[in-house]
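Working notes, structure below.
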Amino acid sequence: MYKVLIVEDEDIIRKGLMFMVDWQEADCVVAGEAVDGQDGLEKIREHRPDIVIVDINMPVKDGLAMLEESISEYGYDAIIVSGYSEFEYARKAIGLGVTEYLLKPVNFNELYDALDKITRKQKAAARLRDDMKQIDMEKKKLGILDGISLDEIKEGNRYVEFMMDYIRQHYSSRVSLTDVSEQCGMSCTYLNSKFKSDTGYTFNDFLNRYRMQKAVELLKENKYKVYEIADLVGFSDYKYFIKVFKKYVGCSPVRFVEGGPPE
């Protein structure tokens, strides 16, 4: 999974990107959000994202200034989202190595295409790194070079993938890290540490985010009452569901359906 940071000062657009995009389908996870370029810099240092989606025109520090200060140091790929179509912005972005430039309102198909291009590029780079590591392992066997164990790296990823699959299959019912621990035969502490290292989230935080994404999808279908959706995404307590929804999406389910701004 590729970690994504969303840097956007407009709450309704930022939350829309977070919860109306099928990130798992794009092999991505939203590692964090930021409200301006300065906040974005801090979140980049904290989360070390693979991909940054950033607006241009923001208060405190604009998107281009943020990119100039961080993209070469942290090595992420960026997607610029802006209401401005002037060539000057695109030219500056290209100079910083940005190849994906989307105009508002964001066309989700174009966003998926941009994410696909970036993740395919990063996968190719990862394969190259793995090949180089394998060469180093062969050298190590010959006593030429000390190396690291690829098995150790892959083991951690294997558990994280299992945990994500477990969430996808069981999110609508009672889910706990203890259940996953028993399935894997590994401790909760070890699994949670591996999961947070790979995704930037604790297991429970990711579970709640995934449930909220599914809740948003059901709300958009306009076929269910809110209390029915709460049950469908694994909440037996309706009031607690409302509380969690507000925390992650930024407004109540009713306000979301009405298309109003976050509360």
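A short reminder: the numbers here are calculations on the coordinates, not readings from a lab. Remember, predicted model here, so these are calculated numbers, not experimental data. Glycine gets a Cβ as well: all are built from the backbone with ideal geometry, and neighbour counts include every protein chain shown.
Observations
- Taking amide H as placed 1.01 Å from N in the peptide plane, the amide H of Leu5 sits under 5 Å from that of Ala31, Ile51, Val52, Ile53, each at least 5 places away or on another chain.
- Cα centroid separation, the range 202-230 to the range 44-122: 28 Å.
- Using only side-chain charges placed at the Cβ, +1 for Lys and Arg and -1 for Asp and Glu, the dipole size of the chain relative to its Cα centre rounds to 560 debye.
- Dipole magnitude of the range 14-118, debye to nearest 20 (Cβ charges: Lys/Arg +1, Asp/Glu -1, about Cα centre): 180 debye
- Peptide ranges 227-238, 46-57 listed from the most packed, as the mean C-beta count within 10 angstrom indicates: 46-57, 227-238
- Residues whose placed amide H lies under 5 Å from that of Glu100, excluding near-sequence neighbours: Ile80
- HN-Hα J in Hz across the range 60-66 - Karplus 6.51, -1.76, 1.60, θ = phi - 60°, x for Gly and Pro: 6, 8, 7, x, 5, 5, 4
- Anisotropy class of the range 2-118 from Cα gyration tensor, a/c 1.5 cut: rounded
- Given Lys214/Lys239; Lys104/Lys243; Lys104/Lys196, the pairs whose alpha carbons are separated by over 22 Å: Lys104/Lys243; Lys104/Lys196
- Taking trypsin sites (Lys or Arg not before Pro) in DSSP loop states with no more than 12 other Cβ atoms inside 10 Å as exposed sites, the chain has its longest site-free stretch at 1-173.
- Couplings 3J(HN,Hα) of the range 203-217, computed from phi: 4, 5, 5, 5, 4, 5, 5, 5, 4, 5, 4, 5, 4, 4, 4 Hz, in residue order, whole Hz [Karplus 6.51 cos²θ - 1.76 cosθ + 1.60, θ = phi - 60°; x for Gly and Pro].
- The residues neighbouring Asp77, those whose beta-carbon lies less than 10 Å from its own, together hold a net charge of 0 under the Lys/Arg +1, Asp/Glu -1 convention.
- The chain: C-alpha gyration tensor shape, a/c 1.5 cut-off, then a/b vs b/c: oblate
- Per-residue Karplus couplings for the range 37-50, computed as 6.51 cos²θ - 1.76 cosθ + 1.60 with θ equal to phi - 60°, are listed in order as x, 5, 4, x, 4, 5, 6, 4, 5, 6, 9, 6, x, 7 Hz, Gly and Pro entered as x.
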